[in-house]
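Written below as structure tokens is the structure these notes are about.
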Amino acid sequence: MSKSDSQMEHMETFHYDDEIVKRFTLVTLLWGLVAFLVGLYVALEMAFHQLNFGISFITFGRLRPLHTNAAIFAFAGNAIFAGIYYSAQRVLKTRMFSDKLSKFHFWGWQAIIVAAALTLPLGLTQGKEYAELEWPIDLMIAVVWVAFGINLIGTVIQRRVKHIYVAVWFYIATFVTVAILHVVNSVSIPVSLFKSYSAYAGVSDALVQWWYGHNAVAFFLTTPFLGLMYYFIPKAVNRPVYSYRLSVVHFWTLVFIYIWAGPHHLLNSAVPDWAQTVGMAFSVMLWIPSWGGMINGLLTIRGAWDKLRTDPVVKFLALALTFYGMSTFEGPLLSIKSVNELGHYTDWIIAHVHSGALGWNGFLSFGMIYFLVPVLWRTELYSKRLANLHFWTGTIGILLYVISMYTAGITQGMMWREVNAEGALAYPDFVQTVIRIVPLYAIRALGGAVYLGGFVVMIYNILKTIQLAPKAEKQETRDEFPRFVQKSFFSELSEAKSFSHRMLEGMPMILTVLAVVAISIGSVISLAPMVATNAMVQPNYDKELNRPYTPLQLAGRDIYVREGCYTCHSQMIRKTVGDVLRYGQESRIEDSMYDHPFQWGSRRIGPDLAREGKRYNHLWHYRHMKDPREVVAGSVMPTYPWLYKDKVDFGSLQKRISAMKTLGVPYSDEEVVNAETNARSEAEAILKDLSADGVTHAKVEHEIIALIAYLQKLGQRGGQ
């Protein structure tokens, strides 16, 4: 039907930028392959410790952060950007605000990923989970993220539609919240180009880290993917979203409640009880918005059952929503203190995380890519049979993975807490639990291999699809739409008879401000214990009993952080019967008050180390790091031969002690000036003890000496 001349006068022809979408789509496949390969390798290292090979840059402690960063920020991140750049242009009916910003965002993000891939295996890390990257890379992330935000907000402002679609609400919330989380959590004091200390310590650092860590999951792995869900599911089934009202409730309750829930990662710990209770309460409330979103998505698919049976895109999207529902049921469940007591630090948490990452994030990304590639390259999918094969292998892989880890986690939790008739631990040796679950680690690795196999099938299918694309010159998608003339907030307000959410959708800047207010309220309450904790501890602690680390102990701690020991060991004795019986007195606030960053950990593959100091002599630690199985039969810990030849940089200790003093650690000027001398003196004393026990090849400068000094300090409240 032809348009009238009056209509044509108001129509504008424009082009979408699909090249940027293609780029992000292709690198999603590349980095997904890297993330899954590294994940499979670290899983195999758990089942077969020999695969660490005594090589520093492939040990579990260094590769595990690489795997998590690659999975979250490389694979999922690029998938998010591909989906946002495609869908935002379509629902806003305009090209991205700036092609230059789009390209800067793409290449900047890839540079960050490469920097992470190079630095993490080298042990250049801040030692904060999901935020390991050192300060220069943190700055790069901030700059690139702001460029992305400007591009997104600019596109929203120049849109050709009055009301912005629900998917864009989630994109805006993602941008502003992740920016705040990253900046606050990354505050640190640089010591050198690739070494810094967190500005926060102990309980304060734990609160900031899990305010960030939990909400990195919320606002990087949940809200943007929900935005993609609200776009791609209706497109895939050719049906409108089931309920507009439910989407409004889903968005605002999720944005407001999610940010409060971080303290549920710190239950039964030294964090003030009231903060734990707040985190637990809001975590339980997350059931409402999370399941509201899942139901909205699944009911949108309802009525398209034929597509669910025949279209692999719809299959992936529907199962992704199912895994989202399972994960968001389990998360609040695990935040209940009694359940958390059983599950925390165990492989149950690993199962929970991976059901969300592989099922929700992975399958939604796969479904989106299967939808996008034929559209972007103007062809048909090469093989639906291969896509269906990918779907079933991926599903089987996830089930093998999570069932084995659920079994391992519950086994660990039950064994750690079991007591006999005399009230003593039934399994006093931690390694007894490790030996029991090693076969389950092998099954987990098998599940990961099956999942990876399905992904390789996908890559082949996508590359063959691209080969089928017509060999024509580069084409850009064209569209026609009337230009929407922006009105001011006040003119909109004066014209409205009543303020409704529909009106708010026409004022994206106001919506953005309200989203910031919503996440700020919960953030302030979540971080309030920082102030309360400092007020309690600073006037009351005994400075003679709570002495900071000596220069040599600090050097050893830096080695501990570098090797990723926090990925296997915790330093937090919880307020539970099993923990106290096994490790001693529960941890107190002042125990970690000088720890920049804190090292409480989130998983126990090995025992807690909070009271490790003086439990064994120097020789035991010396032998343990060289070959763990020489002193603990059945251990899956790697060997660390480089510690016995690499040397501590004593010359840098003065800078490190000075940085700690800047952060408030009570070092005197004399201790700063004499840092190297004091470190050498302490190392010589340790070496003398080792020599008396028959060690002949150790030297004062060897890193193992500093590490022993640190381990012997843990739980000891005096100066040495």
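Return only the number of the condition from (1) among the small types (Gly, Ala, Ser); (2) farther than 20 Å from LEU342 by Cβ; (3) free of Cβ contacts under 8 Å to residues at least 24 places away in the same chain that GLY448 does not satisfy. Exception for GLY448: condition (3). Is segment 666-689 home to any residue that is among the small types (Gly, Ala, Ser) and within 29 Å of the chain's Cα centre (by Cα)? Taking every residue of segment 666-689 in turn, none turns out to be among the small types (Gly, Ala, Ser) and within 29 Å of the chain's Cα centre (by Cα).
Considering only residues that are in a loop (DSSP other than H, G, I, E, B) and among the small types (Gly, Ala, Ser), look in segment 686-720 and name the one that is nearest to TYR644 (Cα to Cα). By that ranking, first place goes to ALA698. In segment 680-687 there is at least one residue matching the filter, namely being surrounded by 15 or more Cβ atoms within 10 Å (Cβ to Cβ), more than 17 Å from VAL561 (Cα to Cα), of a type outside the set (A, V, I, L, M) and not assigned by TED's automatic domain parsing to the domain that holds LEU207. Residues in segment 327-361 that are under 22 Å from ASP273 (Cβ atoms) and not in a helix (DSSP H, G or I): 4 in all.
Taking first residues from segment 571-594 that are closer than 15 Å to HIS344 by Cα and partners that are assigned to a helix (DSSP H, G or I) and of a type in the set (Val, Ile, Thr), the Cβ contacts under 8 Å between residues at least 6 apart in sequence or on separate chains come to ILE573/VAL580. Might you check whether a residue that is outside the structural domain of LEU124 (by TED's automatic domain parsing), at pLDDT 95 or above and assigned to a loop (DSSP other than H, G, I, E, B) occurs anywhere in segment 530-546? Checked segment 530-546: no residue is outside the structural domain of LEU124 (by TED's automatic domain parsing), at pLDDT 95 or above and assigned to a loop (DSSP other than H, G, I, E, B).
For first residues located in segment 546-560 and free of Cβ contacts under 8 Å to residues at least 60 places away in the same chain, partners that are basic (Lys, Arg) and lie 6+ apart or on another chain with Cβ distances below 9 Å do not occur.
Taking the criterion of being farther than 17 Å from ASP646 by Cα and in a helix (DSSP H, G or I), the residues of segment 552-575 that qualify are CYS565, TYR566, THR567.
Yes/no per residue for (1) of a type in the set (Gly, Ala, Ser); (2) buried (at least 22 other Cβ atoms within 10 Å of the Cβ); (3) modelled with pLDDT under 95; (4) in contact with a helix residue (DSSP H, G or I) (Cβ under 7 Å, 6 or more places away or on another chain):
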| position | (1), (2), (3), (4) |
| --- | --- |
| LEU26 | no, no, no, no |
| VAL42 | no, yes, no, yes |
| GLU45 | no, yes, no, yes |
| GLY61 | yes, yes, no, yes |
| ASN69 | no, yes, no, yes |
| ALA117 | yes, no, no, yes |
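Of the residues TRP145, TRP135, the single one that is in contact with a helix residue (DSSP H, G or I) (Cβ under 7 Å, 6 or more places away or on another chain) and of a type in the set (Phe, Trp, Tyr) is TRP145.
Could you please find all residues in segment 356-403 being of a type in the set (S, T, N, Q) and buried (at least 24 other Cβ atoms within 10 Å of the Cβ)? Selection gives ASN361, SER365.
The numbered conditions (1) surrounded by fewer than 22 Cβ atoms within 10 Å (Cβ to Cβ); (2) in contact (Cβ under 8 Å) with a residue 60 or more places away in the chain; (3) in contact with a Leu (Cβ under 7 Å, 6 or more places away or on another chain); (4) not acidic (Asp, Glu) are all true for ILE443 except (2).
The values are calculated or read from the model by the stated rules, or taken from the named source; none is laboratory data. A quick note: this is a predicted structure, and the numbers were derived from the prediction, not measured. Glycine gets a Cβ as well: all are built from the backbone with ideal geometry, and neighbour counts include every protein chain shown.
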